[in-house]
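Down below is the structure, laid out as structure tokens.
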Amino acid sequence: MCGIVGYIGKSEKAIPFLLQGLEKLEYRGYDSSGIAILNQNEIKIIKKQGRLKVIKDILDGKKELHSHLVIGHKRWATHGNHSDVNAHPHLSKSGKISVVHNGIIENYINLKKDLTKKGYEFKSDTDTEVVAQLLDSLYNGDMFETIKKATQLLEGSFALGIICADYPDTLFAAKKDSPLIIGLGENENYIASDIPAVLSKTRKICRLKEKQIAVLKNSDINIFDFNGNKAKMEISEINWNVNAAEKNNYDHFMIKEIMEQPEVLNATISPRLKDYKIKLDNLNFNEEYLKNLNKISIVACGSAYHVGCVAKYFMEELIKKPVEVELASEFRYRSPIVDKNTLVIIISQSGETADSLAALREAKKLGARVLSVVNVVGSSIANESDDVLYTWAGPEIAVATTKAYSTQLSLMYLIALYISKTLGKITDDNYKDIIKNIESIPEKITAILKKSSSIEEIAKKYYQTEKIFFIGRTLDYAVCMEASLKLKEISYIHSEAYAAGELKHGTISLIDDKTLVIALATQDELFDKTISNIREVKSRGATILLVTTEDKMDKISEIADDVIYVPKISNILSPSLSVVPMQLLSYYVAKFRGCDIDKPRNLAKSVTVE
Ligand code: AGP
């Protein structure tokens, strides 16, 4: 995933805006940065490997550089390694056209071959430079027509920002499968991959829809489809406060977002829960449709997949129908048994994850109805689903997801309860009891967050451990998967989630006196079994950190070296609580290890490439 920003306007001070916008998009990729400016009718490009600071330092020495038409880019490498030459923007052979791009051009090799035959030479390994030379080869003086033709030839995903020296008053953009927004200013307009880049200037935005071209001038914006037909510009008002995209006074976005969970869970749950009635926005699963459902298939990646793993347990319990959970990158390449009687649920924070978007398209091709649970309004997955339920988590900037995971999980509870109730699979008392418990989740998480310093103490004790296992049974095991990923992706400690009952079938051979075993035991009927699994690993020298519910206090003998208690709640809802100390533990461990928590190495916030 990369970050794009562009400006067209009266001000000659476009460069400072561009730099602040790129800074806000650092979370989208930070291998290299670059800007292209139109200055004295010539396009000048400054681009370097490394963080944005490198560009800023160069510009500090070029105070004379001004421009009213600029594009900029933050790269997360997909084609070609991190290097100056592979950084964007790319310049056409004529020097007249420059492009920044987020996405993957899937037919760039064939296009490159054709262009090479026409005498084009390539400096970089990127697919984006192919776009620049393709535009060059098509350019006949009419830039709009040129872009139109190019979009017909490009396959794959692209959000493009384009400037042309012959069009000093115009900024061009095109969108297919990768996000791109337009910001509307006063006598100036902007493009960006995401809202934080333009928030300092405007709250009025338009999300480009699939296969659209935008032509922006100082005070005039026109949008067309790829065939050149005019399209309506749908403007929305962003109601985030500016801080929403800032760290406030937290050290990292991640801890800010962990602490925001009670608030965003309220924002996600309460509009959909009134007087025990569940209102899933304009989702209308009628009884007939639900009765004919032969299964539910949850498809996602990473942490969103882990939400599905938790949901499988409680959905099957509540709905009494098969619930499958699958990695999107697997689902899309096998022959999934999916048809019109399958409800496919795609879970995605960004709504732009390439594998999840492709799985969605595959499911629709097979006739399934697709419901997506997404955090980014108007994102590709949201736009292409039959139904979408938004998590109102606000912008999630930290690469390691926390509040999006929790709000996704809360929506899965509501979906499961809604279907269970509609199908008459749940008694009124049980339904009301679960609803009451769901409503208590935010306050219970607040109680856990208040104990974050004790979790910080535990992290201080164990942050140098190099071998960690997370074990649990059923729902606890599913939370272990997320706990393990959180720890791995920000502290770089190799850890593994393991079904507690499975450890003895081989992997227990890895347990020794250097192993920390973090055991989750929140499920009442399985508590004793998990305790006996803990004894098994303890007898082999492991150190034990136990996570369990407060009502178990009198049942914990000396078996655990440390214990983290979470408030008691309905068993099926305990993942909403037990995941929080795991998020905090990972955060503090990574902090003690001096890791780059918000921008872990090798990662980006949204994986819009395969
Ligand atoms: C989670 O901490 C990771 N950053 C990653 O696994 C993420 O959950 C995954 O890439 C899916 O992203 P999405 O929710 O935006 O589709």
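The figures follow:
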| item | result |
| --- | --- |
| Bridge type composition, the range 466-610 - antiparallel percent by DSSP, nearest 5 | 0 |
| Sparse-neighbourhood loop sites, trypsin sites (Lys or Arg not before Pro) in the range 65-126 - DSSP loop, at most 12 other Cβ within 10 angstrom | LYS118, LYS123 |
| Point-charge dipole on Cβ atoms (K/R +1, D/E -1) for the chain, about Cα centre, debye to 20 | 660 |
| Residues in the range 291-333 that a label on SER236 would reach, taking backbone N under 15 Å of a point 7 Å out along Cα→Cβ | none |
| The range 476-505: trypsin sites (Lys or Arg not before Pro) in DSSP loop, at most 12 other beta carbons within 10 Å | LYS504 |
| For the range 447-524, radius of gyration divided by Kirkwood radius, i.e. Rg to Rh on alpha-carbons | 0.97 |
| Extension gain from LYS117 to ASN286, taking 0.36 nm per residue of separation minus the Cα-Cα distance | 55.0 nm |
| Contact order normalised by residue count of the chain, Cα under 8 Å, 6+ apart, percent | 12 |
| Options LEU584, ASN602, MET553, ranked by Cα towards positive dipole end of the range 495-610, top entry (Cβ charges) | ASN602 |
| Cα-based reach from LYS117 at 15 Å (exclusive), listing aspartates and glutamates while leaving out same-chain residues under 8 positions away | ASP136 |
| Equivalent ellipsoid dimensions for the range 24-161 as semi-axes, Å, which come from the Cα gyration tensor, largest first | 24, 18, 13 |
| In the range 247-353, lysine pairs closer than 13 Å at Cα, eight or more apart or cross-chain | 10 |
| At 0.692 mPa s and 37 °C, Stokes D of the chain from Kirkwood alpha-carbon radius, µm² per second | 129 |
| Theoretical gain in end-to-end length, ARG535 to GLU558 [0.36 nm per residue, Cα-Cα removed] | 7.2 nm |
| Computed [θ] at 222 nm, deg cm²/dmol, the chain (DSSP H ≥ 4; -39,500 (n - 2.57); rounded to nearest 500) | -11000 deg cm²/dmol |
| P(r) tail fraction, the range 365-444 - alpha-carbon pairs more than 17 Å apart, % | 57 |
| On Cα atoms only, tilt of 527-538 relative to the major axis of the chain in degrees | 80 |
| Sorted by Cβ density within 10 Å, fewest first, the residues ASP355, ASP476, ASP513 | ASP513, ASP355, ASP476 |
| The range 150-208: C-alpha gyration tensor shape, a/c 1.5 cut-off, then a/b vs b/c | oblate |
| Alpha-carbon Rg with Dmax, taken over the range 346-411, Å | 11.4, 36 |
| Dipole axis of the range 185-290 (+1 Lys, Arg; -1 Asp, Glu on Cβ), positive-most option in ILE205, TYR276, TYR250 | ILE205 |
| Distance in nm between pseudo-label sites at LEU65 and LYS93 (7 Å out along the Cβ direction from Cα) | 2.7 |
| Long-range Cα-Cα pairs in the range 343-488 (distance over 28 Å), rounded percent | 33 |
| Under-5 Å amide H pairs with VAL373, H placed in peptide plane, nonlocal only | ILE346, ILE347, SER348, LEU389 |
| Nonlocal Lys pairs with alpha-carbon distance under 20 Å, the range 123-180 (8 or more apart, or different chains) | 4 |
| The range 454-610: proportion of alpha-carbon pairs further apart than 26 angstrom, % | 23 |
| Loop-located GluC sites (Glu not before Pro) in the range 159-224 whose Cβ has at most 15 other Cβ within 10 Å (DSSP) | GLU186, GLU210 |
| C-alpha long axis of helix 143-153 to longest principal axis of the chain, angle in ° | 50 |
| C-alpha long axis of helix 428-449 to longest principal axis of the chain, angle in ° | 70 |
| Pair ASP57, HIS82: separation of 7 Å Cα→Cβ label points (nm) | 1.4 |
| Most to least packed among 294-302, 406-414, 311-319 [average Cβ atoms within 10 Å] | 406-414, 294-302, 311-319 |
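Read-outs throughout are calculated quantities, based only on the coordinates presented, and are distinct from any laboratory measurement. None of these values were measured; they are calculated from a predicted model. Note that each Cβ is placed from the backbone with ideal geometry, even for glycine, and that neighbours are counted across all protein chains shown.
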